[in-house]
1. Percent of accessible area on the chain owned by carbon and sulfur, 1.4 Å probe?
2. Which ³J(HN,Hα) values, rounded to whole Hz and listed in residue order, are derived for the range 163-171 from phi using the Karplus coefficients 6.51, -1.76 and 1.60 in 6.51 cos²θ - 1.76 cosθ + 1.60 with θ = phi - 60°, glycine and proline given as x?
3. For the range 76-172, what does the accessible surface come to per residue with a 1.4 Å probe? Please give it in Å².
4. Length gain on complete extension for the stretch GLU83 to ASP33, per 0.36 nm per residue less the alpha carbon to alpha carbon distance?
5. Could you tell me whether the chain comes out rounded, prolate or oblate from its Cα gyration tensor? Rule is a ≥ b ≥ c as square roots of the eigenvalues, rounded for a/c under 1.5, then prolate if a/b exceeds b/c, otherwise oblate.
6. Can you list the lysines whose alpha carbon sits under 30 Å from that of LYS163, skipping same-chain ones fewer than 8 residues off?
7. Using 0.36 nm per residue of separation minus the Cα-Cα distance, give me the extension gain between SER130 and ALA17 in nm, one decimal.
8. Taking amide H atoms as placed 1.01 Å from N in the peptide plane, list the residues 5 or more away in sequence, or in a different chain, whose amide H sits under 5 Å from that of LEU137.
Amino acid sequence: MRNFAVSVVGKDRPGIAAAVAEVLLGHKGNIEDSQMTILRGHFTIMLIVSTPESVDADELQSDLATVRERLGLEAVVVNEVTEADPSADPVPTHILSVYGVDHPGIVHAVTANLAKQQVNITDLTTRLISERGNEPLYAMMMEVAMPPGVSVDKIERSLSEVKDRQGVELTIRPLEQDAL
């Protein structure tokens, strides 16, 4: 099997996911992992797709480019990726929430701090949630996987510096593991 990362961005409208899925199905593609959401009025798709070895990558890219043109999408990118073992994916253990007045640098400050401590981010979402006066409020939620032997207290102490510098509120709590 061949594996591809497919990314699509376009002004939100019905039918984008269906058109992309139709092309992938035409190439006998199986969507193994996906994230699709609306970001500031743009529908975004990120996929990991497996296909038979015989699939022509240029043909796949061309067929998806046709969808881009037909639907007026801003970007369609296809890259072959090496197969990874999903059982090796880190298991999230905690939820980190960040709230504050929006300004550049919040994401970098938090993620750089976590990276220094070898905390793995398994999911990250941000939103402008409302405005207070003329200042938009920013919310960031992330699932993280704590490295073995690192205490939550140590992470919280380190993040307190980020909290003070960025003027944000930070909370970290254990993630409840639900059985599917």
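The values are calculated or read from the model by the stated rules, or taken from the named source; none is laboratory data. On a predicted model such as this, the values are computed, not experimentally measured, just so you know. What goes into the accessible areas is simple: the full protein's heavy atoms, side chains included, and nothing from ligands, DNA or RNA. Shrake-Rupley method; radii C 1.70, N 1.55, O 1.52, S 1.80 Å.
1. Numbers: 5730 of 11080 Å².
Whole-percent figure for carbon plus sulfur exposure: 52.
2. My calculation for the range 163-171 gives 3, 5, 5, 8, x, 10, 9, 10, 9 Hz in order.
3. On a per-residue basis, 60 Å².
4. My answer for the length gained is 16.8 nm.
5. On the way: a/c = 2.84, a/b = 1.58, b/c = 1.80.
It comes out oblate by the Cα gyration axes.
6. Output for LYS163: LYS116, LYS154.
7. 37.8 nm
8. ASP102, ILE129, SER130, GLU131, ARG132
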